[in-house]
1. If I compute solvent accessible area with a 1.4 Å probe over the protein chains, what percent of it on the chain is carbon and sulfur?
2. What accessible area, in Å² to the nearest ten, does a 1.4 Å probe give for Asp24?
3. Could you give me the ³J(HN,Hα) list for the stretch 74-90, computed from phi with Karplus coefficients 6.51, -1.76, 1.60 and θ = phi - 60°, whole Hz, x at Gly and Pro?
4. Highest mean first, how do 10-19, 57-66, 78-87 rank when packing is the count of other Cβ atoms within 10 Å averaged over residues?
5. Sort all Cα-Cα distances of the chain into consecutive 5 angstrom bins from zero, then give the percent of pairs in each bin up to the one containing the longest distance.
6. With each label point set 7 Å from Cα along the Cα-Cβ vector, what nm distance links Arg100 and Met128?
7. Under a point-charge model restricted to the Cβ atoms of Lys and Arg (+1) and Asp and Glu (-1), what is the dipole moment magnitude of the chain relative to its Cα centre, in debye to the nearest 20?
8. May I ask you to evaluate 6.51 cos²θ - 1.76 cosθ + 1.60, the Karplus curve with θ = phi - 60°, for each residue of the stretch 114-121 and list the ³J(HN,Hα) values in order in whole Hz, giving x for glycine and proline?
Amino acid sequence: MTLLALLIERELFGDRNKGIFFVDEAWLFVDYQATMGVFENVSRRVRKYSKGLMFITQRPWDVARTPAGRTVLEQASTSFLFRQQSAALSVLEDVYKLRREEAQALLHSDEGEGIMRCGNRVLRCSIMPTKTELQNFVTSGNWSRRRGR
């Protein structure tokens, strides 16, 4: 882990150019305390170096159950939250300071719909990819448009 931490520090923080560090399926790392410690460190430092961290997970409640994971979630200046399971609501309310009705709305969100939390502001959002974006990024093989859009 020390080697990984040094590599990330050198590559990510070695210059002042803008950049983004992507971690997809982040919940997979929750059981590895050393790895989560690296992500916690990165989450605290990225903005200082004109960088961004995209910590992507479909299971925020798993990430939030560890101190390092909770720190990563709380350090986010902007968070996009899409449809959730009821088990996640209390965690999201607590970590992101959502009102009950904002969290409840996530139970029934359509595909691509949710909320964006940026600082103290919470806004509804709807993400509709262009045809090219859909071709490049779809992973499920199924994309359905709801509500007649």
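The values are calculated or read from the model by the stated rules, or taken from the named source; none is laboratory data. Note that this is a predicted model, so its numbers are computed, not measured. Backbone-built Cβ (ideal geometry, glycine too); neighbour counts: all protein chains shown. Areas reflect the complete protein model, heavy atoms only, side chains present, ligands, DNA and RNA absent. Shrake-Rupley method; radii C 1.70, N 1.55, O 1.52, S 1.80 Å.
1. Details: 5090 of 9940 Å².
Summing carbon and sulfur atoms, their accessible area is 51 percent of the total for the chain.
2. The accessible area comes out at roughly 100 Å².
3. 6, 6, 5, 6, 9, 9, 9, 10, 10, 2, 10, 8, 4, 4, 8, 4, 5
4. Top to bottom by mean Cβ count within 10 Å: 57-66, 78-87, 10-19.
5. Binned Cα distances yield the sequence 2, 9, 16, 19, 19, 15, 12, 6, 2, 0, 0.
6. Taking the simple label geometry, Arg100 and Met128 are separated by 3.4 nm.
7. On the way: 23 positive and 17 negative charges, 120 e Å.
Here the size comes out at about 580 debye.
8. Listing the rounded values in order: x, 10, 10, 10, 9, x, 8, 9 Hz.
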